[in-house]
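First the structure, in the form of structure tokens, and then the observations on it.
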Amino acid sequence: MGDKTRGLYRKFNITRTDGASEAGRKHNGCDYFVLDLTHDQFAFQALMAYAFACEKEYPLLAADLREKLRQMGVQRLQQGVGDLLSKENVEKFLKGFRG
């Protein structure tokens, strides 16, 4: 990660693909929080929390997020990355997603 002295700050300009962020539309001027799923060491845990939080109201989104987490977990295991989640913990977590 980059600058550890700035905290939360504007880094991205977001434009929705459905046009809802255009002037006068529902999401014009909304705040967004972007996760870098490739490089951010905390993104895996954040995505996991979001999948659990949205499960009841958005089950299809939760399922898609769990699949993304499974893919990310496999990549972490293949790369030997275990700083935040040990291989053992990732394997236990991913076991819950395998049918």
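A few points about this structure:
- If you go through region 1-53 and pick out every residue that is among the β-branched types (Val, Ile, Thr), in contact with a Phe, Trp or Tyr (Cβ under 8 Å, 6 or more places away or on another chain) and over 21 Å from Arg66 (Cα atoms), you end up with 1.
- Any chance Val74 is at pLDDT below 90 and assigned to a helix (DSSP H, G or I): yes
- Checked against the criteria, Leu61 counts as in a helix (DSSP H, G or I) and either modelled with pLDDT of 90 or more or exposed (fewer than 12 other Cβ atoms within 10 Å of the Cβ) (or both).
The values are calculated or read from the model by the stated rules, or taken from the named source; none is laboratory data. Worth saying up front: this structure is predicted, and the values here are computed from it rather than measured. Reconstructed Cβ throughout: ideal geometry from the backbone, glycine too, with neighbour counts over all protein chains shown.
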